[in-house]
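Quick note: the coordinates plus some simple rules give every number you see, no bench work behind them. Predicted model only: the values in this text are computed from it and were never measured. Cβ coordinates were reconstructed from backbone atoms using ideal geometry, including for glycine residues, and neighbour counts include every protein chain displayed.
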Amino acid sequence: MVEDLLRNVKILSEKGYYSEEDLEKEAYRALLKNKPELRVAIAIEKYKEGGLSLNKTAEIAGITTEELKEKLAERGIKIRRGLEGDEKKEERAQKLAEEF
């Protein structure tokens, strides 16, 4: 099965339909579209790492802020409140910039 998949990727790349990188990105987008729970899981992990606000996490997850709060509570994850110091904000901004 994996061999067939790799062969299909190679065929698509050779025929000019996609570069392997573009094909990987498209497959990733399709996976997240078909399995929205994975989007939620990824967004929550990034929230736990401190890289996202509650609102941005909900946006990425494709759910409302209230739904996100429920999911965080179900997982025993505390909601961050209050203002961060300038140093912490700078660290988060730098970390996110490196991802893109």
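Within straight-line reach of Lys35, meaning a Cα separation under 22 Å, sit the following lysines at least 8 residues removed in sequence or on another chain: Lys25, Lys46, Lys48, Lys56, Lys69, Lys71.
Only helices enter this figure: runs of n ≥ 4 DSSP H residues, each worth -39500 (n - 2.57), summed and divided by the residues of the chain, yield -22500 deg cm²/dmol at 222 nm to the nearest 500. Computed 3J(HN,Hα) for the stretch 67-80, one whole-Hz value per residue from the Karplus formula 6.51 cos²θ - 1.76 cosθ + 1.60 where θ = phi - 60°, is 4, 5, 4, 4, 5, 5, 4, 4, 8, x, 9, 6, 7, 6, glycine and proline marked x. Ranking Val2, Gly16, Ala58 by how far each Cα lies toward the positive end of the dipole of the chain (charges on Cβ) leaves Ala58 at the top. For the chain, the longest principal axis of the Cα atoms and the long axis of helix 20-34 meet at an angle of about 60 degrees. Helix 86-99 and the long axis of the chain differ in direction by around 10°, with both axes built from C-alpha atoms. Backbone N atoms of the stretch 1-17 closer than 18 Å to the 7 Å Cα→Cβ label point of Asn34 belong to residues 1-10, 12. Using the Cβ-Cβ distance between Glu59 and Lys25 with R0 set to 25 Å, the FRET efficiency from 1/(1 + (r/R0)^6) comes to roughly 0.80.
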